[in-house]
Amino acid sequence: MEEAVLLNQTSLVTYFWLRGLSVNQKAQIAMFSMFLIFYVLTLIGNILIVITIIYDHQLHTPMYFFLSNLSFIDVCHSTVTVPKMLKDTWSEEKLISFDACVTQMFFLHLFACTEIFLLTVMAYDRYVAICKPLQYMIVMNWKVCMLLAVALWTGGTIHSIALTSLTIKLPYCGPDEIDNFFCDVPQVIKLACTDTHVIEILIVSNSGLISVVCFVVLVVSYAVILVSLRQQISKGRRKALSTCAAHLTVVTLFLGHCIFIYSRPSTSLPEDKVVSVFFTAVTPLLNPIIYTLRNEEMKSAFNKLVGRKERREEK
């Protein structure tokens with residue numbers, strides 16, 4: 001106890017060094033260009049989805065309400081890490097203050113956990129729509145949708161506060177180098193000047209358990225949906241399969257990272273950075289592509305939105 005107090009009192013770390021993705025200058029320039037394009041497209045794609053859903057009253061349904069939440073989360077999730085990464089590609093000293101690091105971890109886990117819960121809710125929404133279509137508007141009424149939205153955001157906030165609190169209570173007096181391009185709990189706690197075995201177990205049992213349980217629930221939900229689709233007519237089956245395939249793609253990409261990173265002890269692997277890139281930069285970009293290119297209703301609504309703007313400009 002006295003040792004922990006002493007370490008806290010003599011904590012020297014006020015900044016962390018981020019190694020980034022590469023030390024090669026040419027590689028950094030190439031990555032800057034690529035991730036800048038990814039980030040801009042992520043913003044444009046997801047913001048367009050939100051605007052289109054708000055604009056078109058035919059899309060004011062539970063499915064698109066949750067989809068607009070997903071797009072909003074993807075914009076926020078990407079913004080937590082990518083702008084800092086882009087800035088650091090031009091900096092020799094990739095520094096981040098302790099407070100900024102904690103803030104980044106908090107919002108990273110807030111949006112990530114909220115998205116996991118949201119994907120689970122979206123799977124339940126599709127299950128009701130496909131397996132119990134006559135009861136859909138009764139089960140998924142707007143009151144239920146709003147309650148689910150509040151619940152998933154509340155759950156994400158509680159999860160993020162819990163993990164961040166565990167991290168900032170540890171003493172940090174060196175080393176101060178994070179082997180990644182952003183701050184995340186597993187990499188940061190390895191730098192603590194104390195035994196973190198118990199904290200690592202708590203992280204695995206928290207983040208890892210949430211990821212695995214939600215993944216199992218999602219797989220079971222879609223398995224039930226696919227079995228139910230056998231009894232439907234071919235046109236309805238194709239549309240439902242298209243929607244489910246889009247959801248499964250997002251789930252696999254997103255939850256695959258969470259299970260890989262948070263379901264094992266805090267040990268660095270060469271694949272960690274690659275997986276983190278997909279988690280923070282690629283997946284938020286793929287979501288609007290997957291949900292719009294495979295969705296006729298979204299494409300029709302977007303065309304109407306563009307058509308009306310063109311008519312206004314002509315006038």
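Here are some notes:
- Residues of segment 90-101 classified as part of a loop (DSSP other than H, G, I, E, B) and open to solvent by less than 50 Å² (accessible area, probe 1.4 Å), total: 2
- Scanning segment 172-194 for residues that are at pLDDT 85 or above and open to solvent by 60 Å² or more (accessible area, probe 1.4 Å) yields Glu177, Lys190, Thr194.
- Within segment 160-191, the set of residues being in a helix (DSSP H, G or I) and touching a Leu at 6+ places or on another chain (Cβ under 8 Å) comprises Ser160, Leu166, Val185, Ile189.
- Helices (runs of 4 or more DSSP H) contained entirely in segment 1-89, each with at least 2 residues that are modelled with pLDDT of 90 or more, more than 30 Å from Ile138 (Cβ to Cβ) and open to solvent by less than 60 Å² (accessible area, probe 1.4 Å): 25-55, 62-88
- No other residue among Asp195, Asp179 is among the charged types (D, E, K, R) and touching a residue at least 12 places away in the same chain (Cβ under 8 Å) apart from Asp179.
- Within segment 140-159, the only residue that satisfies the criterion of being crowded, with 20+ Cβ neighbours inside 10 Å and not in a helix (DSSP H, G or I) is Met140.
- Qualifying residue in segment 116-128 (condition: touching a helix residue (DSSP H, G or I) at 6+ places or on another chain (Cβ under 9 Å), surrounded by 23 or more Cβ atoms within 10 Å (Cβ to Cβ) and under 25 Å from Ile189 (Cβ atoms)): yes
- Going through (1) open to solvent by 30 Å² or more (accessible area, probe 1.4 Å); (2) in a helix (DSSP H, G or I); (3) of a type outside the set (A, V, I, L, M, F, W, C) one by one, Gln104 falls short only on (1).
- Applying the criterion of being open to solvent by less than 80 Å² (accessible area, probe 1.4 Å) and at pLDDT below 65 to the residues of segment 219-246, the residue that is farthest from Ile116 (Cα to Cα) is Ser234.
The values are calculated or read from the model by the stated rules, or taken from the named source; none is laboratory data. The structure presented is a predicted model; accordingly, all values stated were derived computationally and were not measured. We place every Cβ from the backbone using ideal geometry, glycine too, and count neighbours over all the protein chains shown. The area values use the complete protein model at the heavy-atom level, side chains included, leaving out ligands, DNA and RNA. Shrake-Rupley method; radii C 1.70, N 1.55, O 1.52, S 1.80 Å.
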